[in-house]
There are 6 protein chains.
Amino acid sequence: MQQKWIEKEFEYDGTQLASLHNYLQYGLAGDSIVSWIGPCDIAFDKMADGEDVLSQSAIRGGKMLHFILEKFDVRLYAAVALQRLIASLAFEILLKKSPQGLRRDGDDIFVGEKKLSISVAVPSYRSCLVHFAVNINNENTPVPTVSLEDLGVEPIQFAKDLMERVVSEDRSIVFATHKVHGVGDF
Amino acid sequence: MQQKWIEKEFEYDGTQLASLHNYLQYGLAGDSIVSWIGPCDIAFDKMADGEDVLSQSAIRGGKMLHFILEKFDVRLYAAVALQRLIASLAFEILLKKSPQGLRRDGDDIFVGEKKLSISVAVPSYRSCLVHFAVNINNENTPVPTVSLEDLGVEPIQFAKDLMERVVSEDRSIVFATHKVHGVGDF
Amino acid sequence: MQQKWIEKEFEYDGTQLASLHNYLQYGLAGDSIVSWIGPCDIAFDKMADGEDVLSQSAIRGGKMLHFILEKFDVRLYAAVALQRLIASLAFEILLKKSPQGLRRDGDDIFVGEKKLSISVAVPSYRSCLVHFAVNINNENTPVPTVSLEDLGVEPIQFAKDLMERVVSEDRSIVFATHKVHGVGDF
Amino acid sequence: MQQKWIEKEFEYDGTQLASLHNYLQYGLAGDSIVSWIGPCDIAFDKMADGEDVLSQSAIRGGKMLHFILEKFDVRLYAAVALQRLIASLAFEILLKKSPQGLRRDGDDIFVGEKKLSISVAVPSYRSCLVHFAVNINNENTPVPTVSLEDLGVEPIQFAKDLMERVVSEDRSIVFATHKVHGVGDF
Amino acid sequence: MQQKWIEKEFEYDGTQLASLHNYLQYGLAGDSIVSWIGPCDIAFDKMADGEDVLSQSAIRGGKMLHFILEKFDVRLYAAVALQRLIASLAFEILLKKSPQGLRRDGDDIFVGEKKLSISVAVPSYRSCLVHFAVNINNENTPVPTVSLEDLGVEPIQFAKDLMERVVSEDRSIVFATHKVHGVGDF
Amino acid sequence: MQQKWIEKEFEYDGTQLASLHNYLQYGLAGDSIVSWIGPCDIAFDKMADGEDVLSQSAIRGGKMLHFILEKFDVRLYAAVALQRLIASLAFEILLKKSPQGLRRDGDDIFVGEKKLSISVAVPSYRSCLVHFAVNINNENTPVPTVSLEDLGVEPIQFAKDLMERVVSEDRSIVFATHKVHGVGDF
């Protein structure tokens, strides 16, 4: 899995959640993760998560740290499990900084009842895509939120640390699939 | 995913890592997780992990808390990702008790450099199997270890808490695969 | 597999044959079957079956009993086999009422040469969808048809019986996949 | 799917439920179904169905009509659905002869409470295998049974009719997977 | 795999690279390959290969021999491997005519540095599609090319020979998947 | 895909055709190809190809150049297509040396009617395995053969060239699967 930090800031509007995005925009062919800073505002007709559509939840934030991951040749169950590992890894990094009240619940990270992150995992023809984003500040968020600023965490270093750990976790999962015997039935 | 705490103590010798084990022994058909207490001693010819075979590592412990999970219709990448979520969930539970020096690394939990757990995920025809176990004490372990006793954690309650959270995480992953749109190419 | 009888009558126009339809309209996440009464009229550009497009067959009926089933994580061969089991189950229910001349042929039920039902099974990203519908009366049908009214069958009870049997058949198929050993090569 | 009637009588003992059986014994490469007459006696350690092992059910019959089907590149859900279609097709053929009390329940056919058939579907590496068998007489059966002799049905013609219909159903399912559009999300 | 030579000449503009094309246009259900003569001109928004989009490469030719192959139930790795076998087979046929400087490189055939062919393999819901085309002359090609006219090869006979060999190779690959045992782990 | 030339000579007896062989013997985890020189003698009960079993063909050679390739997460159709590309690549390398009468037919290379190579591709739980071997001399071969010695080809350089091209072809196939859009239905 390749990784890339993108210097340029731009809004996440849901169109980045597309197969080949990381290849066509940044030349990363195959499994990859990219990260950048920008606002978030997703129109209802671009929402991939039917639960958000049903609940009519706005998804936005004034300044967020975004990640788009593409993983080829996995089905959605695996991609959602990977998405939760990303949340776990983010949680583990943040624990060292600011453990008070921090918790992971599914694909989300909270401090107490305040939400730090948003995420979705979706299938495409050949791959699954994950969007994971954490608030850098709390501007314009539609629900009670907490931000990296609140936690005293510098976003760019956090982004690079998280990408590094995601890439490493993926490499180690792949290795784990290449070294075990199959087992028979009882 | 069904769960079951098994009262009877018995040794884990590697033969429990088999498809249909939880069905044929405990009547749990389909995805399931069971847990019990017992020693651990795996003969070299029962080791599923080639890395252990190559490194000639003994795998044993005098008293461990064992989990066998069977998940149908996933490929090994997903099962390994799930295995690591199990380690994350165990880590999150133990954090509340005894955070000092606790860390997850892949499918293992450590306190400092001492190993708390062992784990392997393997494929069968129709399913993948995960064995996850944590030391209850440090008797007869072949490497420097730490145990639930060291951490002051009662094993049966821990087993039930972990199974509860694994079942809940799996349910929520499955739900996440049933509520999202697919996305097109860019 | 969840089931739901929908009281409201509305036309089936082909747009209901879509992934997540049963979730977004009726809150049923995962495998599900719903049924309702309404006319049927499918525009050519909404026809999913290329054979109908090639033969320029109109697909319509004045009053039909509709079923939309979504089954996740199966490929189309399995979904078509399931579609035919639905036809078989409908056939078995109707046999008790009105056996004379009743027969199943693939995904269709006939009485003599008159067609009682229409059906199609299609793939989406994550699931397959089945539309199955039987004539409640013979109004506006483009070919010689027979209807539940002709057979003296009350549609709502029939819908509920059929959904019950489909759900039960699916549950029993799933169980059958969770209790058998794999076999070796000869 | 190729079909073959085997003149020679021999016992079904469970070893025939193996990938490539029809190829290595009868030269039928790929999807195939064969049928023959013989007794049935399956040792416990050859039973593929864990439910039989758990219930300690004997599986035997003095004279049965056997079918072994191999279908490549399908998963077990599809194979079990196909197995039930075989039971449906057998049921439909027998209806014309002897409708009184005849019913299909899952993969079994009954007349009243007497069992006419046995069946199992199992996975191998590359294919799934189905064994389906109907009693020709009631000798040596461990449960209350009914037989083709009781129904006045000649076994060889029945075997050929059923194989013909199974091959035709499979062909028509495959065609149904080659002529439909995929559908989008709602 | 069915094959068909199409007498009518028409332009390849990228819209032919679609699932069910060979069925809806020529009645070939299932795996198939068709071939025809026509110009080639693909608008940028119809280009399936992101590499062409990134490099802003024009894809066109005044007179080319086109092939569209659809293979169901394979994933893209297999379809690309098959695409390269098509290039190999074309190479092997042309070797007999005009061996000087001929070489295959991935999915392309060259004579020296001049390109004879273009190709792409893409996934759809249920199948993969391959477009393979060779220049009949060098009119309007955007890069240095060589053509069947240069090699003294008659296109219609070449098309029929190549389709024959592709169909035969596919049949033999399928047979090879139906006659081998699976192997265990070491 | 990793590659390794093995200096030590040893017999190929069929047991090397096993998942994880290249990992457990040479430390190559994941997709890999290894090559070595040795005799070949496969006992009937180790033959993976049912066709050889049916025809009672001996498979042996006094001195052969062996290749074992393991490719994870592909189905057998893809592995057989890859096997034929290996034969194509070997053919293309040999063409430069000794074009007279050389031809590829499926997974075999011939000079006239004399066989240069043997090959089989088989599935395991998680991967497919390919054995490909060419005669270094014609000692002890059970059919009319030709050898690298006859063609004046030095085996070690040929082995390294072929592994290099196989690795390169695989890399380029994988890249081709990471850069294309999926296509819709017509």
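The values are calculated or read from the model by the stated rules, or taken from the named source; none is laboratory data. This one's a predicted model, so the numbers in the text were calculated from it and none came from an experiment. With ideal geometry, Cβ positions are generated from the backbone for all residues, glycine too; neighbour counts draw on all protein chains shown. Accessible surface is based on the protein model in full, side chains and every heavy atom, while ligands, DNA and RNA are left aside. Shrake-Rupley method; radii C 1.70, N 1.55, O 1.52, S 1.80 Å.
Data table
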{"read-out": "Residue list for region F:18-47, filter: open to solvent by 10 Å² or more (accessible area, probe 1.4 Å), over 17 Å from B:GLU51 (Cα atoms) and modelled with pLDDT of 90 or more", "value": "F:ILE37, F:PRO39, F:ASP41, F:ILE42"}
{"read-out": "Selected residue [in contact with a Cys (Cβ under 6 Å, 6 or more places away or on another chain) and of a type outside the set (D, E, K, R)] from C:GLY30, C:GLY61, C:GLY50", "value": "C:GLY61"}
{"read-out": "Of all residues in region A:116-158 being among the small types (Gly, Ala, Ser) and within 14 Å of chain F (Cβ to nearest Cβ), the one that is nearest to A:PHE91 (Cα to Cα)", "value": "A:SER127"}
{"read-out": "Residues being within 14 Å of the chain's Cα centre (by Cα) and either basic (Lys, Arg) or open to solvent by less than 10 Å² (accessible area, probe 1.4 Å) (or both) - total across region E:116-127", "value": "4"}
{"read-out": "Failed item, numbered, when F:LYS160 is tested on (1) of a type in the set (Lys, Arg); (2) closer than 30 Å to F:GLY101 by Cβ; (3) touching a helix residue (DSSP H, G or I) at 6+ places or on another chain (Cβ under 8 Å)", "value": "(3)"}
{"read-out": "Residue match in region C:160-172 (condition: open to solvent by 20 Å² or more (accessible area, probe 1.4 Å), closer than 21 Å to D:LEU85 by Cα and within 14 Å of chain B (Cβ to nearest Cβ))", "value": "yes"}
{"read-out": "Extreme residue, least open to solvent (accessible area, probe 1.4 Å), among residues of region C:139-159 that are among the acidic types (Asp, Glu) and assigned to a helix (DSSP H, G or I)", "value": "C:ASP150"}
{"read-out": "Residue in region D:10-19 that is nearest to the chain's Cα centre (by Cα), counting only those that are hydrophobic (A, V, I, L, M, F, W, C) and at the interface with chain C (Cβ under 9 Å from one of its Cβ atoms)", "value": "D:LEU17"}
{"read-out": "Inter-residue pairs, beta-carbon under 6 Å, first in contact (Cβ under 8 Å) with a residue 40 or more places away in the chain and in region D:99-121, second among the small types (Gly, Ala, Ser), 6+ apart", "value": "D:VAL111/D:GLY101; D:ILE118/D:ALA133; D:VAL120/D:ALA48; D:ALA121/D:ALA79"}
{"read-out": "Scope region B:100-114; condition open to solvent by less than 30 Å² (accessible area, probe 1.4 Å), more than 11 Å from chain A (Cβ to nearest Cβ) and of a type in the set (Asp, Glu); matching residues", "value": "none"}
{"read-out": "Region C:1-10: number of residues that are of a type in the set (D, E, K, R) and either in contact (Cβ under 8 Å) with a residue 60 or more places away in the chain or surrounded by 15 or more Cβ atoms within 10 Å (Cβ to Cβ) (or both)", "value": "1"}
{"read-out": "Tabulated pairs, region D:20-45, first closer than 16 Å to D:ALA79 by Cβ and more than 10 Å from chain E (Cβ to nearest Cβ), second among the hydrophobic types (A, V, I, L, M, F, W, C) and open to solvent by 50 Å² or more (accessible area, probe 1.4 Å), C-beta under 8 angstrom, 6+ apart or interchain", "value": "D:HIS21/C:PHE186; D:ILE33/D:MET1"}
{"read-out": "Test: residue in region D:128-141 that is at pLDDT 95 or above and closer than 23 Å to E:ARG126 by Cα", "value": "yes"}
{"read-out": "Count - residues of region F:54-65 that are more than 9 Å from chain E (Cβ to nearest Cβ) and either surrounded by 24 or more Cβ atoms within 10 Å (Cβ to Cβ) or in contact with a helix residue (DSSP H, G or I) (Cβ under 7 Å, 6 or more places away or on another chain) (or both)", "value": "4"}
{"read-out": "Matching residues in region D:79-99 - criterion: being open to solvent by less than 20 Å² (accessible area, probe 1.4 Å), more than 14 Å from the chain's Cα centre (by Cα) and either within 26 Å of C:ASP73 (Cβ to Cβ) or charged (D, E, K, R) (or both)", "value": "D:GLU92"}
